[in-house]
Amino acid sequence: LRNERRVVERLRADLDSGVWDAAHGPLRRADSLVGAAPGHLRAGGLTAASARMLGGPMAKPQANVLVTIPISHYCEKARWALDRAGVVYVERAHLQFVHRFAARRAGGGTTVPVLVCDAGVLADSSEILLYADDRAPADRRLYPDSETARAEILGLEREFDDRLGPHGRRWMYDRLRRRSDLARRYGTAGVPAFERVMLPLLYPAVYAWIDRHLEITSATADESLDEVRAVFDAVAERLADGRRYLCGDGFTAADLTFAALSAPVLMPPGYGVQLPQPGEIPPAAAEVVEELRAHTAGRHALAMFGDHRS
């Protein structure tokens, strides 16, 4: 425990001083973001390269900066919208817990995604979707002009944010808690080298923090799975009339949000970073993933990734 505390303090100090670069060693402070190297950019589906950690007040960047946890489904929701709209951005990925310091340095709170952009600091995935939609070509918009249709989509988006997102995440963290190998293999895409190297030491402390922060127990995880199934059933009922999309005749923020936030229980191919597949996770968890993939709502989410996440 003493060593874990020392590591956390070291991470905090390094974030404060801006010492670590994900790929290139020592770094300049965040005000050097202006004119970021093209290799660190994402635009319309280009693969993200890892970028340096945030340190100090964020200067107004020429490129948008998206602070993430790489496997986070809320971060995938934001990435997907920005990629779809063709918005260029630099992704700054961090491990869980460490992300809190990076989010604050970017001007947000303690959660990610945080987008630093020409409109200011957007610290909520739904705000980022609206930002991206304002800049999207007409045929890639996520919200219609009709106030009635827009209100329906926003209502579904809020419901998925409030129910599906937290409950799917809780279930996933509980079922994979003993698989530090999966965390090392899939949870470190694009994070700074120091975080990646220190993950084996940090893993018990980070998981203990996640358990407390998300109120994870076996009982609450079971309750969360029930909630996920209820959301899936409601989505299947909406799709029962044969419609292809949740609202109207085209892909909207409702479809994007449902698909992205289903990721912890579907582990979809086509996600913004690689995720483990059912054959790699505990058999009981794999059985649930296969069950939900076969569900009408699960098939819809997977189809949205296949048809619209490119």
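Give segment 194-237 a look and list any residue that's crowded, with 18+ Cβ neighbours inside 10 Å and either at pLDDT 95 or above or farther than 26 Å from THR68 by Cβ (or both), or say none. Scanning segment 194-237 gives ALA221, SER224, LEU225, VAL228, VAL231, PHE232, VAL235. Scanning segment 117-129 for residues that are surrounded by fewer than 17 Cβ atoms within 10 Å (Cβ to Cβ) and of a type in the set (A, V, I, L, M, F, W, C) gives a single hit, ALA119. Within the option set ILE128, ILE153, being in contact with a Pro (Cβ under 7 Å, 6 or more places away or on another chain) and either touching a residue at least 60 places away in the same chain (Cβ under 8 Å) or under 25 Å from ALA253 (Cβ atoms) (or both) holds for one residue only, ILE128. For segment 146-155, the criterion of a residue being crowded, with 16+ Cβ neighbours inside 10 Å and in contact with a Leu (Cβ under 7 Å, 6 or more places away or on another chain) is satisfied by no position.
Based on what the data block shows, is VAL191 in contact with a strand residue (DSSP E or B) (Cβ under 8 Å, 6 or more places away or on another chain), more than 20 Å from SER262 (Cα to Cα), of a type outside the set (Gly, Ala, Ser) and buried (at least 18 other Cβ atoms within 10 Å of the Cβ)? Yes. Residues that are over 17 Å from the mean Cα position of the chain (by Cα) and either under 16 Å from THR257 (Cα atoms) or at pLDDT below 95 (or both) within segment 121-148 comprise ASP133, ARG140, ARG141, LEU142, TYR143, PRO144, listed in sequence order. In this structure, does LEU164 turn out to be surrounded by fewer than 21 Cβ atoms within 10 Å (Cβ to Cβ) and either touching a Ser or Thr at 6+ places or on another chain (Cβ under 8 Å) or free of Cβ contacts under 8 Å to residues at least 24 places away in the same chain (or both)? So LEU164 fails the test. Whenever a residue of segment 285-310 is aromatic (Phe, Trp, Tyr), its partners that are part of a helix (DSSP H, G or I), lying with C-beta atoms within less than 8 angstrom and at least six residues away or across chains, give the pairs PHE305/ALA259. Only residues that are surrounded by 20 or more Cβ atoms within 10 Å (Cβ to Cβ) and without any contact (Cβ under 8 Å) to a residue 24 or more places away in the chain were counted across segment 256-284, and they come to 1.
Among the candidates ARG244, ARG170, ARG178, the residue that is under 17 Å from ILE281 (Cβ atoms) and modelled with pLDDT of 95 or more is uniquely ARG170.
The values are calculated or read from the model by the stated rules, or taken from the named source; none is laboratory data. A quick note: this is a predicted structure, and the numbers were derived from the prediction, not measured. Neighbour counts run over all protein chains shown; Cβ positions are idealised from the backbone, glycine included.
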